[in-house]
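These notes are about the structure you will find just below.
Readers should treat all values here as calculations from the given coordinates under stated rules, not as data from a laboratory. The shown structure was predicted, so the numbers you read here are calculated from the model rather than taken from an experiment. We place every Cβ from the backbone using ideal geometry, glycine too, and count neighbours over all the protein chains shown.
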Amino acid sequence: MTDVRLNMAKVEAEAAAPPRRRPGTALSRERAAWGFVAPALIAIGVFFAIPVFAALLLSLTDFDIYALADLHNVRFVGLQNYERLFANPLFWGAMKNTGLFAVLGVPLSIAASLAAAVILNARVVKWRPLWRVMFFAPYVTTLVATAVLWNYLLHTRYGVINWAIASVGLPPVDWLGQPENSIPAILMFVVWKIFGYNMLIFLAVLQTVPDDLYEAARIDGAGAWKRFTNVTLPAIAPTLLLVSIISVAGFFQLFAEPYVMTQGGPAQSTVTVLYFMYEEGFKWWNLGSASAVAFVLFICILAVTLVQLAVAKRMGAYE
Amino acid sequence: MGNEATNVPQILPEFERLNPGIKVDVQALPWTAAHQKLLTAYAGDSLPDLSQVGNTWVSEMAAIGAISPLPSVAGDLLTDQFPAVLETNRIDGRPVATPWYVDTRLLFYRSDLLEQAGHGAVPQTWVGWKEAMHAVKRRAGADKFAVLLPLNEFEQLLTFGLQGEEPLLKDEDTRGNFSSASFVAALAFYKSLFDEGLAPVASAAQISNVWTEFERGWFSFYFSGPWTIGEFKNRLKPETRWMTSGVPGPTGPGASAPGGSSLVVYRSSPRQEAAWKLVRFLSDPAVQARFNVITGDLPARESAWATPSVADDPYIAAFKGQLSRAKAVPKVPEWERIVTEMQIVAERMVRGEYTPEAAGAEIDRRADRLLEKRRWMMERGRA
Amino acid sequence: MSGRRIRSLLLNAGVAFIALLVLFPLAWMVSVSFMSTGEAATFPPPLLPRTWTLEHYRDLFVTQGMGRYLWNSFALATLATGLALLFTVPAGYAFAKLRFKGRERVFQLLVGALVVPAQIGTLPLFLMLKGMGLVNTYAGALVPWLASIFGLFLVRQYSLSIPDEMLEAARIDGASEGQIFRRVVLPTLQPIIVTLALFVFLGSWNDFLWPLIILTDQSNYTLPVALAALSREHVQDVEMMMAGAVITVAPVLILFLALQRYYIRGMLAGSVKG
C-alpha cells in the first residue's frame with residue numbers, strides 16, 4: 001500500500017508529459033498492444049472499478065440481511081445511512097480511536113525508523129547489510145501470526161514485557177485489558193512490525209548525503225545532535241514529510257491487529273473504522289450502512305493523499 | 001462451537017457405529033465468531049448439513065430462509081422439553097429447531113456471607129433481596145459491594161425486564177415497549193442497585209478476575225449460567241461456600257431468558273435424512289446426560305435431568321426451577337441489536353444521564369428505528 | 001582518537017540493542033513452540049524449554065488440520081503470483097513501450113484509481129462473487145490479485161528503461177509483437193518479475209481481511225485465517241499457538257531472506273528513487 005502512494009506523485013508527473021509521437025505505427029502493433037493490456041484492464045474494471053461504484057450505490061440503500069434473502073427487500077434510502085452514522089456514538093468512537101492510532105503511531109514509528117536509520121548509517125557500524133535485513137524482517141512476517149505472538153508478550157501475568165517492567169521495580173501493566181492501555185499496547189506491536197520499512201527508505205536517502213557535509217560540520221565543532229539537526233534533518237526533510245503522510249494512510253487501515261488482539265475491546269477502545277465497517281457489514285450484515293462507513297474512510301484517506309500530493313508538488317519531490 | 005465442538009467427537013463414534021454409511025465431519029467455530037461465520041456461510045451458500053445455533057439466532061436464520069423446518073417424523077423430538085426453550089425455536093407457530101442443551105442465568109451467591117448477614121437463602125422478592133444485599137454490604141464494608149452487574153452486559157437488566165407483565169416489544173414485535181410501567185420499574189430497580197452502592201459502576205473489562213473477586217467477597221451475588229458451576233468448582237478454594245438460586249422477581253420467584261443451543265438442519269443440505277438421524281441421536285436423553293458429564297451443558301430433555309449425574313448436583317437444582325420459569329424473548333432478527341442498544345442507554349442511565357422514564361423512552365426510540373425495516377416488511381406481508 | 005572509539009562502541013551497542021528488541025519476539029516464539037504444555041504460562045517467563053518437544057507441531061498437523069491450511073496458503077499464494085504476473089507484466093510493458101489510442105487517458109485513470117483503497121469495494125465484490133457462485137472458492141480468494149494496479153506500475157516503470165532501439169531492431173528482423181515480448185522483453189524484465197512475484201506471494205500469504213470474508217469453510221482457510229480462529233479457541237495454549245505462528249511465519253521469512261535483494265531493491269525503486 002505504502003509503496004503505491006509514494007510512487008504516485010512521480011507516475012502522475014510522467015502521465016502528464018506529452019506522448020512522443022512516432023510515425024508509422026502499424027495497426028497490428030496497436031492491436032497487439034490492446035491484447036497486452038486488455039486482460040489487466042478488464043480485471044481491474046470488473047473486480048475493482050465496478051465494486052467501488054457499486055459500493056457508492058450500496059451506501060444509498062438499506063441492503064441488509066433481509067435483502068440478502070430476497071432482493072425485493074432493498075430500498076433506496078438516500079443519505080440516511082450517513083445521517084445515522086454521524087449520529088452513532090460508536091462510529092465516532094471508531095473515528096476517535098483511529099485518529100489516536102494515527103496521531104500517536106505516526107510520530108512513534110517514524111522516530112523509531114529514523115533513529116535506526118541514523119545509527120545504521122554511521123560509518124563505524126559493522127555488518128550494515130546484515131542489520132538492515134534483520135531490522136526489516138518483522139515487516140514481511142504474517143501480521144496475524146505476530147499479533148498472536150504479541151498477545152502473549154503483552155500478557156499481564158506471564159508476559160515478557162511485564163516481566164521486564166517488573167525487573168526494574170515497576171508494577172505490572174494490564175496492557176490489553178484496560179481501555180487506556182490498549183492503544184499504546186497495540187502500537188508497540190505495530191511499531192515493532194513496521195519500523196523497518198521506513199528505516200530502509202531513510203537509509204537510502206541518508207546514503208545520498210555526502211560525507212563531506214558531516215566532516216565540515218565536525219570541523220566547525222558541531223556535536224552529534226547539532227550535526228543531526230543541521231545536516232541530517234534538512235537532507236531528509238522532504239522524505240520525512242512524505243513518509244509521515246503516507247504512514248497516516250496506513251494507520252487508517254488498521255484491522256487485523258484489533259481483530260486478533262482485542263476484538264475491539266476493552267470497552268470498544270480499539271474499534272477502528274475498518275473494524276467497525278467489518279462488524280457492520282459481516283457481523284450485522286448491514287451492507288448498506290457498512291458501505292457508507294467505507295466511503296467515509298475513503299474520504300479521509302483521499303484528504304490525506306491530496307495533502308500529500310500538494311506537499312510533493314511544492315517540494316518537487318518527484319524530480 | 002467452543003466447548004461443544006471440542007467434545008462432541010467423543011460421542012460421535014457411537015452414532016457412526018449405529019448408522020453405518022454416515023460419516024460425521026465436525027467443524028469447530030469459536031463462539032465469538034460463530035454467529036457471523038454462519039451468516040457468511042449462508043451468504044456464500046456453504047452452510048453445513050446441520051449445526052448448533054444459539055437460541056437467540058434461530059429467528060434470524062429462519063427469517064432468511066436458511067433453516068429446514070422439522071419434518072413430521074421428528075415431531076416426537078419436541079416432547080419432554082422445557083416449554084420456554086421450545087418457544088424460542090418456534091417461528092410463526094412452526095418448530096424449526098430442536099433444543100440441544102439449555103441454559104439460563106440465575107444467581108450465584110456466597111452462602112457463607114449471606115448466612116453471616118442473617119439470611120438462610122436468597123429472598124425471592126426484589127424488596128427482600130435488596131434488604132439482604134444491604135445486610136451483606138453492611139458486614140462486608142463500605143469498600144465492597146453486594147452484586148456484580150457489569151455495565152456492558154445486557155443479560156442482567158434483561159432478566160429484570162422479563163419479570164414484568166408487559167411484553168418487551170409491541171404491535172406484533174414491530175415497536176419497542178420499553179417505556180411500559182413494568183419495564184420502567186425494572187430500570188428503576190436496576191438503577192437503585194448502583195445508586196445505593198450495592199453494585200459497582202464498572203464494566204466486565206474493568207474486573208480483572210471474577211473468581212478472585214468473588215472469593216474475596218468484593219461482591220456476593222453474581223448473575224451467570226451453568227458454565228460458571230464448573231469454573232467455580234475448579235477455581236474457588238474449597239472453603240469458600242457458594243450456592244445457586246433462582247432469580248428474585250418483583251413479587252416472587254422471577255423469570256429469566258432461556259439460552260442454550262439448538263440443532264438446526266439447513267435447507268441447502270442434500271443429506272436431510274442423515275442430518276435428522278444425527279439430530280435424533282444427539283437429542284436422546286441418555287446421550288444428553290452423557291454429554292452433560294463431559295461438558296457441563298444442561299440437557300434439553302427433561303427426562304435426562306433424572307439421571308443421577310445431573311440430579312445429584314446441588315448446584316444444578318436451581319437451574320431446573322429457573323428453566324421452568326423461563327420466558328422467551330421476542331423472536332425478531334433485530335433482537336440482538338436492540339438489547340445492545342438497551343444496555344448502552346442503561347449504562348448512561350446509571351451514570352446519571354437519564355431517569356428510568358427517560359431511559360425507557362430512549363430505548364423505545366432506538367428500538368423503533370432498528371425495527372423500521374421490519375414494519376415496512378410487515379406492511380408488505382413479507383415478514 | 002579514544003572519543004571516536006567510544007562513539008563506535010556506543011553505536012555498535014545501539015545496533016545490537018535494536019537487534020535484540022527486533023529479534024527477541026521471534027526467537028521467543030520459536031523457543032516457546034518447543035516447550036511442553038503450560039510451561040510458558042509461569043512467572044518469570046522461561047526463555048528456553050526445559051525439555052524440547054515437537055508435540056505441538058504434531059498436534060497441529062494431526063488434530064488441527066494445519067497441513068490443509070498450509071496447503072491452501074501455499075496453493076493460493078502460488079496461483080496468485082502466477083495470475084498476477086500473467087495479467088500485469090504484459091500490460092505494464094505495453095503501457096511503457098507500445099503506442100495505442102487512449103493510452104495516456106487510460107493511464108491517467110489508473111493513476112487516479114490508486115487513491116481508492118481496495119477495501120471500499122469489499123462489500124459489493126462479495127455480493128458479486130456470491131452471484132457468480134465464487135464465495136468460498138480459491139477463485140474468489142484470487143480475484144483481487146488480478147486487479148493489481150500497483151503491479152502494473154512497477155512493471156511499467158521498469159520497462160521504460162528498455163531501449164527503443166532494441167525493440168525496433170527486433171521489428172526490423174520481422175519479429176511479431178508477441179515474439180518480441182517473449183524473446184526480448186521478458187529476459188530484460190527478469191529482475192522486476194522476480195520482485196513482483198515476491199511481493200504478490202508474500203502479500204497473498206499474509207493477507208487477512210479478504211480471505212477471512214470470502215473463505216467461509218474451514219477446509220479452505222489459509223494459515224492467517226485459521227490461526228486467528230484457533231487463537232480464539234485456544235488462548236490458553238500458548239505453546240501450540242506459537243507453533244502455529246512459527247509454521248505461518250517461517251515460509252515467508254525464509255523466502256524473504258533468500259530473495260531479500262530483489263525485495264529491497266524493488267521496494268526502494270517503488271518509493272524513493274521512483
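Among bridges DSSP assigns within chain B, what percent are antiparallel (round to 5)?
Details: 27 of 30 bridges.
That works out to approximately 90 percent antiparallel.
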_Proxy reagent accessibility, fewest Cβ within 10 Å first, across C:210, B:211_ = B:211, C:210
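Take the Cα radius of gyration of region A:167-295 and divide it by 2.2 N^0.38 Å, with N its residue count; two decimals is plenty.
1.52
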*What is the distance, in nm, between label points placed 7 Å from the Cα along the Cα-to-Cβ direction at residue B:202 and at residue C:13?*
4.4 nm
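Equivalent-ellipsoid semi-axes (√(5λ), Cα gyration tensor) for region A:89-315, whole Å, largest first? Intermediate results must be reported in sequence, preceding the final value.
Details: eigenvalues 248, 117, 41 Å².
Output for region A:89-315: semi-axes of 35, 24, 14 Å.
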_Inter-centroid distance (Cα atoms) of region B:129-202 relative to region B:249-294, Å_ = 30 Å
_What's the ranking of A:284-291, A:163-170, C:153-160 by average number of surrounding C-beta atoms within 10 Å, highest first?_
A:284-291, C:153-160, A:163-170
*Of the cross-linked pairs B:137/B:237; B:23/C:130; A:283/B:37, which ones have a Cα-Cα span greater than 20 Å in the structure shown?*
B:137/B:237; B:23/C:130
*Once amide H atoms are placed 1.01 Å from N in the peptide plane, what residues at a sequence separation of 5 or more from residue B:67, or on another chain, have their amide H within under 5 Å of its amide H?*
B:267
*What list of ³J(HN,Hα) values in whole Hz, one per residue of region A:87-102 in order, does the Karplus curve 6.51 cos²θ - 1.76 cosθ + 1.60 (θ = phi - 60°) give from phi, with Gly and Pro shown as x?*
9, 9, x, 5, 5, 5, x, 5, 4, 5, 4, 4, x, 4, 4, 5
_Give the lysines reachable from residue C:101 as a straight Cα distance under 25 Å; neighbours fewer than 8 places away on the same chain don't count._
A:10
*Would you give the gap between the C-alpha center of region B:215-230 and the C-alpha center of region C:44-71, rounded to a whole Å?*
35 Å
*Rank the residues C:24, B:160, A:136 as a footprinting-exposure proxy: fewest other Cβ atoms within 10 Å of their Cβ go first.*
C:24, A:136, B:160
*Over what distance in Å are the Cα centres of region C:220-274 and region B:90-105 separated?*
43 Å
*Within 10 Å of each residue's Cβ, count the other Cβ atoms and sort C:239, A:83, B:347 from fewest upward.*
A:83, B:347, C:239
*asked:* Can you give the FRET efficiency to the nearest 0.05 for residue B:277 and residue A:69, using r as the Cβ-Cβ distance and R₀ = 25 Å?
replied: 0.35
_In order through region A:136-145: 3J(HN,Hα) via Karplus (6.51 cos²θ - 1.76 cosθ + 1.60), integer Hz, x for Gly, Pro_ = 7, 3, x, 4, 8, 6, 6, 3, 4, 5
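Relative contact order (percent) for chain A, with alpha-carbon contacts under 8 angstrom and 6 or more residues of separation? Could the numbers behind the result be given before it?
Details: 326 pairs, mean separation 89.9, N = 319.
That works out to 28 percent.
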*Name the residues whose placed amide hydrogens come within less than 5 Å of the amide hydrogen of residue B:104, ignoring near sequence neighbours (fewer than 5 apart) on the same chain.*
B:259
*Just subtract the alpha-carbon distance of residue C:183 and residue C:74 from 0.36 nm times their residue separation and send over the number in nm, one decimal.*
36.2 nm
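What 222 nm value per residue comes from the helices of the protein assembly as shown, counting each DSSP H run with n ≥ 4 as -39,500 (n - 2.57) and dividing by all residues, nearest 500 deg cm²/dmol?
Details: 47 runs with 592 residues, N = 976.
That calculation yields -19000 deg cm²/dmol at 222 nm.
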*What residue among A:157, A:132, A:29 has the largest mean-square fluctuation in a Gaussian network model of chain A, using Cα springs under 10 Å?*
A:29
*asked:* For a quick check: with amide H placed at 1.01 Å from N, whose amide H comes under 5 Å from residue B:223's, ignoring anything fewer than 5 positions away on the same chain?
replied: B:108, B:148
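For peptide B:71-78, how many partner chain Cβ atoms fall within 10 Å of a residue's Cβ, on average? Let's see the in-between values first.
On the way: counts 0, 0, 0, 0, 0, 0, 0, 0.
Average neighbour count from other chains, rounded to a whole number: 0.
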*Please identify the helices of chain C, taking whole runs of DSSP H, that span at least 27 Å along their own axis as judged from the Cα atoms and have a mean Kyte-Doolittle score of -0.5 or higher.*
C:2-33, C:66-97, C:186-206, C:238-270
*Each label point is 7 Å from the Cα along the Cα-to-Cβ direction; what then is the distance between the points at residue B:286 and residue A:215, in nm?*
9.4 nm
*Set the Förster radius R0 to 41 Å, insert the Cβ-Cβ distance between residue A:111 and residue B:138 as r into 1/(1 + (r/R0)^6), and round the FRET efficiency to 0.05.*
0.15
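Could you tell me the relative contact order of chain C? Use alpha-carbon pairs under 8 Å, at least six residues apart, and round to a whole percent.
Relative contact order for chain C comes out at 31 percent.
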*Ratio of Rg to Rh over region B:100-225 (Cα coordinates, Kirkwood Rh, two decimals)*: 1.00
*asked:* Can you compute 3J(HN,Hα) from phi for each residue in region B:328-340, using the Karplus curve 6.51 cos²θ - 1.76 cosθ + 1.60 with θ = phi - 60°, rounded to whole Hz and x for Gly and Pro?
replied: 5, 7, x, 9, 10, x, 7, 3, 4, 6, 4, 5, 4
_Kirkwood Rh (inverse of mean 1/r, distinct Cα pairs), region B:264-346, angstrom_ = 15.7 Å
*Rg(Cα) / (2.2 N^0.38 Å) computed for chain B, rounded to two decimals*: 1.02
*Using label points projected 7 Å from each Cα along Cα→Cβ, tell me how many nm separate residue B:348 and residue B:175, to one decimal.*
2.2 nm
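Please report the equivalent ellipsoid semi-axes of the protein assembly as shown, computed as sqrt(5 x eigenvalue) of the Cα gyration tensor, largest first, in whole Å. Write down the numbers at each step before the final one.
On the way: eigenvalues 586, 240, 150 Å².
Equivalent ellipsoid of the protein assembly as shown: 54, 35, 27 Å, largest first.
How high is the relative contact order of region B:1-134, given as a whole-number percent (alpha carbon pairs under 8 Å, six or more residues apart)?
Values: 77 pairs, mean separation 19.9, N = 134.
Relative contact order, region B:1-134: 15 percent.
Given all pairs of different Cα atoms, what value in angstroms does the Kirkwood hydrodynamic radius of region C:60-270 take? Let's see the in-between values first.
Numbers: mean 1/r = 0.0522 Å⁻¹.
The answer is 19.2 Å.
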